[in-house]
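All remarks here apply to the structure that follows.
The values are calculated or read from the model by the stated rules, or taken from the named source; none is laboratory data. What you see is a predicted model; the values in this text were computed from it and never measured. For neighbour counting, all protein chains shown are included, and Cβ atoms are generated from backbone atoms with ideal geometry for every residue, glycine included. With ligands, DNA and RNA removed, areas are computed over all heavy atoms of the protein, side chains included. Shrake-Rupley method; radii C 1.70, N 1.55, O 1.52, S 1.80 Å.
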Amino acid sequence: MLKMKEKKPIKISLTSAIMIVLIIVLVIAGIAYYLFINKPTDSVSTTNTQNEISTTENVTATPEISEKLTMTEEEFPKVDGATAMLPMVGEITKSVLGYTDEQAQKYLNENTQGKSAKVYASLIKKEKDLIFVSEPSDDILKQAKEANVEFDMTGIGRDGFVFIVNKDNPVNSLTIEQIQKIYTGEITNWNQVGGNDEEIVAFQREQNSGSQNLMEKMVMKDTKMKESPSGLMIASMEGLIDSVSKNYDGGKSSIGYSIYLYAKEQYVKDNIKFLSIDGVYPSDETIANGTYPLSKIVYAVTRKDVPQDSSVRKLTKWLLTDEGQKTVVAGGYSKLK
């Protein structure tokens, strides 16, 4: 009779058992890895997160949402604007605060002052937190730097810078080069640009006014304007328009400049006309599509240190949404394109 060795089969069984256990552990580990560590939804989740970040950045730059923004009077930021932009500020209060026309006008009367230089000064001094203006002059930038203030500027709409003459002036169009020569004193008579034999009376605005800054940066550029006699330096836009509209005191032979919206809708005088510039007449359409050479951006400006979660930031971002742009248009400006 053959004798069986008892220990050998036991050894084989133990080894097999260990192998089976290892295989089971590896299978379970593989399933766990697939289900919990490298699951397919992880790549979708990562993609979604990246898209959310990208979308958030896009919304900040060019929001496309059309939600309505509402604020209480306590939440509404301290705002002001250049003279031409105050009607838009009124429209903002109607949209965001739910004001009536009367309430909006009361707000403007009690809380705004107009005048670009004063408005920028109020932002620098932290009396206001958000202003609506054209770009600052070099002098205003210097004032801000001295006060350790940096501006954060957001374009919200488009307007135009226009030249006006008396309606009886036969000249209907000038080039930018001709305007430069008029304001340097090289061209002194209207007959040099196709008009009557009359001396040109060239009105200017005061230093640091919004329109004077635009004149220097958009039109004159690196060319210095001649010093204006005191009688031709006008302190307000309405004063300049009045001077050009007169049929006396040189009104008929004068030229001046203003903001398109202001001269077209806010301070209208039948006795003036807009000049075409480089052959393009300033209109809602030519300003909106940028074919008018002196189209310009209008800005919402705050300080860089204003918190990102503040009502100032919320209002600024909202102005770039569909609903916000409707308010900008209601204020007389073209959409920012």
| Rel. contact order, % - alpha carbon contacts under 8 angstrom, at least six apart, segment 147-271 | 36
| Residues whose placed amide H lies under 5 Å from that of ILE200, excluding near-sequence neighbours | ASN189, TRP190
| Å² of accessible area per residue within segment 231-280, as computed with a 1.4 Å probe and no ligands counted | 40
| field | Computed Rg/Rh of segment 277-337, alpha carbon atoms with Kirkwood Rh | value | 1.09
| query | To the nearest 10 Å², what's ASP309's accessible area with a 1.4 Å probe? | reply | 120
| In nm, what is the difference between 0.36 nm times the number of residues separating ASN271 and GLU238 and their Cα-Cα distance? | 10.6 nm
| How long is the gain from GLU74 to ASP322 if the chain were fully straight, where each residue apart is worth 0.36 nm and the alpha carbon distance is subtracted? | 86.8 nm
| query | Going by accessible area, probe 1.4 Å, with all protein chains left in place, what is the ranking of GLU285, GLU177, GLU238, largest first? | reply | GLU285, GLU177, GLU238
| query | Whole-Å semi-axes of segment 185-279's equivalent ellipsoid, largest first, each the root of 5 times a Cα gyration tensor eigenvalue? | reply | 18, 18, 14
| So how many Å³ per residue does the convex hull of the Cα atoms of segment 63-152 work out to? | 112
| query | With Cβ to Cβ distances under 14 Å as the rule, what net charge do the other residues near GLY185 carry (K, R +1; D, E -1)? | reply | 0
| said: Using a Förster radius of 25 Å, what is the FRET efficiency between LYS142 and THR184 based on their Cβ-Cβ separation? Nearest 0.05, please. | reply: 0.50
| remark: With a ≥ b ≥ c from the Cα gyration tensor eigenvalues, square-rooted, and the rule rounded for a/c under 1.5, otherwise prolate when a/b > b/c and oblate otherwise, segment 232-337 is prolate
| Given a 1.4 Å probe and every protein chain left where it sits, what share in percent of the accessible area of segment 167-280 is carbon and sulfur? | 43
| field | Qualifying trypsin sites (Lys or Arg not before Pro) for segment 93-182 [loop in DSSP, other Cβ within 10 Å: at most 14] | value | LYS125, LYS126, LYS167
